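Below is one structure, written out as structure tokens; the observations come after it.
Derivation of every value follows stated rules applied to the coordinates shown; laboratory data play no part. As the structure is a prediction and not an experimental result, all values here were calculated from the model. With ideal geometry, Cβ positions are generated from the backbone for all residues, glycine too; neighbour counts draw on all protein chains shown.
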Amino acid sequence: MYYDKLIFDLSTEGRKGYTLPKAEVKRYDLPKSTYLRDDCPGLPEVSELEVVRHYTNVSFKNFGIEKGFYPLGSCTMKYNPKINQDMANLPAFASLHPYQPIDTVQGVLKVYHDTQTWLSEISGLDTFTLNPYAGAHGELIGLMIIKAYHRDRGDSKRTKIIVPDSAHGTNPASATVAGLESVEVKSNPDGTVNLADLKAVLGDDIAGIMLTNPNTVGIFEKDILEIARLVHEAGGLLYYDGANLNPLLGVARPGDMGFDIMHINLHKTFSTPHGGGGPGSGPVGVTKALKPYLPKPVVEKQGDQYVIIDEPKTTLGQISHFYGNIGVVLKAYTYILSMGREHLPEIAKYSTLNANYIKESLKDVYQLPIEGICKHEFVFDGLKDKSTGVTTLDVAKRLLDFDVHPPTIFFPLVFKQTIMIEPPETESKQTIDHFISIMRQVALEASQEPDKVKGAPYNTVVKRLDEALAARKPIVKYKDLETN
Ligand SMILES: Cc1ncc(COP(=O)(O)O)c(C=O)c1O
């Protein structure tokens with residue numbers, strides 16, 4: 001038994017004048033341990049066509065942004081233009097080796113350096129590391145930097161971090177992993193931070209505050225400058241959870257609001273693929289004072305050369321393999337370049353317009369707990385007509401029958417029946433009008449045939465599940481699904 005290997009002649013002779021390399025085929029014996037044994041299960045005898053049909057059908061059963069509208073609040077599920085992927089696939093990038101000598105990877109280091117610089121310009125922070133793998137990873141790195149900063153100033157009493165009750169679950173979770181205790185502050189009825197509650201917890205044990213602005217109900221913190229002043233005066237730092245940066249792009253900058261440190265979700269705002277736990281990228285930006293703590297390696301430009309800096313000694317050290325998810329950075333780089341300075345603010349404008357349009361079009365049938373202009377997302381507190389017993393979960397399930405991915409539900413926890421809707425700028429008016437008509441149809445059904453909505457979905461492969469049982473005993477094999 002052999003395998004064939006193409007051996008390319010890359011001798012100087014072969015490369016001269018860029019002629020095509022000569023190829024020859026060598027045959028090698030495979031090790032005996034790799035031979036098919038008699039007791040191995042038989043492989044199914046299927047043709048290529050059958051395999052292609054099988055996987056195509058399976059993929060149709062899946063839901064993704066390329067199949068339909070995905071109004072998932074807090075997650076910015078925007079379309080990822082194909083050119084992003086094309087750029088990341090270019091052989092010159094895709095076949096790079098992490099141990100290549102620096103002078104042979106100047107191109108990708110330029111991409112890194114430019115992306116760091118542009119993210120600084122967009123956010124108003126001094127410098128960025130592109131190494132973290134996700135938003136939550138960025139949070140953890142950010143909090144470790146905050147801890148190291150206080151420690152080096154001999155301020156080791158600061159072991160608590162303030163997290164508003166509307167925060168994403170990763171915020172308190174990251175705090176715990178970083179060894180900080182989270183202190184909850186209450187939100188006002190409009191979802192903004194309650195200043196009295198904030199003042200009550202500020203003290204010399206506070207390391208800082210984590211804020212999402214606009215917050216998870218889509219409201220901009222109008223008191224952000226006052227919050228920054230109060231936290232800084234108490235000796236704390238401000239961490240900006242950048243998952244909701246979309247409506248601020250090119251319009252407002254966290255650095256100008258007083259934030260010291262932040263993460264950006266490239267896989268949300270900057271249109272790189274999202275979901276399934278990765279691959280993502282959560283660059284962390286900091287002010288000058290925090291720059292020495294950034295994880296290594298750091299890419300810098302010296303003269304006309306790009307170099308990788310392993311210093312200074314205060315760095316957190318290596319937090320990802322090599323340079324993080326380069327493919328994701330390349331996609332974000334392409335996206336920023338294709339938008340350009342003049343079109344980035346349109347992302348903010350149209351996502352905000354879309355959210356307000358849906359909110360105003362549906363507030364006569366869904367309960368709107370926060371009136372007024374929202375940013376890129378907003379929340380309903382379930383259906384307006386509460387007499388039918390139809391819940392937010394029922395509405396979400398019924399939407400599946402109309403081939404619409406349900407919005408985020410029951411988050412944030414500040415309302416009982418939260419439906420959080422985020423229509424990104426990439427959706428057309430037709431798609432948004434279609435979504436509005438479906439939401440209205442579900443509301444009508446809820447009042448006329450409530451049991452129908454309570455029993456949904458009907459058109460999906462899997463019907464209404466026992467949620468608790470499904471979470472405890474998930475069936476993840478297709479075959480088991482058929483027999484259950
Ligand atoms: C407000 C907010 N913060 C943080 C995160 C965490 O980001 P990631 O999923 O990349 O870890 C999310 C993700 O949904 C989010 O919505």
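Given R₀ = 51 Å, what would the calculated FRET efficiency be for GLN430 paired with ALA468, taking r from the Cβ atoms and rounding to 0.05? Write out the running numbers ahead of the final one.
Details: r = 39 Å, r/R0 = 0.76.
Taking R0 as 51 Å, the efficiency between GLN430 and ALA468 is 0.85.
Please get the size of the charge dipole for the range 83-339, origin at its Cα centre, with Cβ charges of +1 on Lys and Arg and -1 on Asp and Glu, quoted in debye to the nearest 20.
On the way: 19 positive and 26 negative charges, 57 e Å.
Rounded to the nearest 20 debye, it is 280 debye.
Full extension of the chain segment joining ALA148 with ARG440 gains 100.0 nm, where the gain is 0.36 nm per residue of separation less the Cα-Cα distance.
Within the shell of other residues whose beta carbon sits under 12 angstrom from the beta carbon of PHE220, the net charge comes to -2, with Lys and Arg scored +1 and Asp and Glu -1. Return, ordered by residue number, the residues of the range 225-265 whose backbone nitrogen is under 19 Å from a label point located 7 Å along Cα→Cβ of ILE309. What the label zone holds, given the 19 Å backbone N cut-off, is 261-262. The Cα atoms of the range 83-339 give a gyration tensor whose axes a ≥ b ≥ c have a/c of 1.5 or more with a/b greater than b/c, which makes the shape prolate. Put simply, the amide H of VAL185, placed in the peptide plane, has neighbours under 5 Å in VAL163, ASP165, leaving out anything fewer than 5 places away on its chain.
At 222 nm, what helix-only mean residue ellipticity would the chain give, in deg cm²/dmol to the nearest 500, using -39500 (n - 2.57) for each DSSP H run of four or more? Please report the intermediate quantities before stating the final value.
Working: 17 runs with 184 residues, N = 484.
My calculation for the chain gives -11500 deg cm²/dmol from helical runs alone.
Pairs exceeding a 19 Å alpha-carbon distance, out of LYS61/LYS463; LYS61/LYS331; LYS78/LYS331; LYS61/LYS429: LYS61/LYS331; LYS61/LYS429. If you plug the beta carbon distance of LYS363 and ASP165 into 1/(1 + (r/R0)^6) with R0 = 25 Å, you get a FRET efficiency near 0.55.
Full-extension gain between ASP126 and GLU66, please, as 0.36 nm times their residue separation minus the C-alpha to C-alpha distance.
On the way: separation 60, 0.36 × 60 = 21.60 nm, distance 3.62 nm.
Full-extension gain reported as 18.0 nm.
Once the chain from HIS232 to ASP197 is taken as fully extended at 0.36 nm per residue, the excess over their C-alpha distance is 11.0 nm.
In summary, the lysines within cross-link reach of LYS199, defined as a Cα separation below 24 angstrom excluding same-chain residues under 8 places away, comprise LYS147, LYS157, LYS160, LYS186, LYS222. Here the simple spin-label model places points 7 Å from the Cα toward Cβ, and for SER387 and LYS82 these points are separated by 5.3 nm. Electrostatic bookkeeping for PRO189 treats Lys and Arg as +1 and Asp and Glu as -1; over the other residues with beta carbon under 15 Å from its beta carbon, the sum is -4.
In terms of surrounding Cβ atoms within a 10 Å radius of their Cβ, LYS268, LYS296 rank from fewest to most as LYS296, LYS268.
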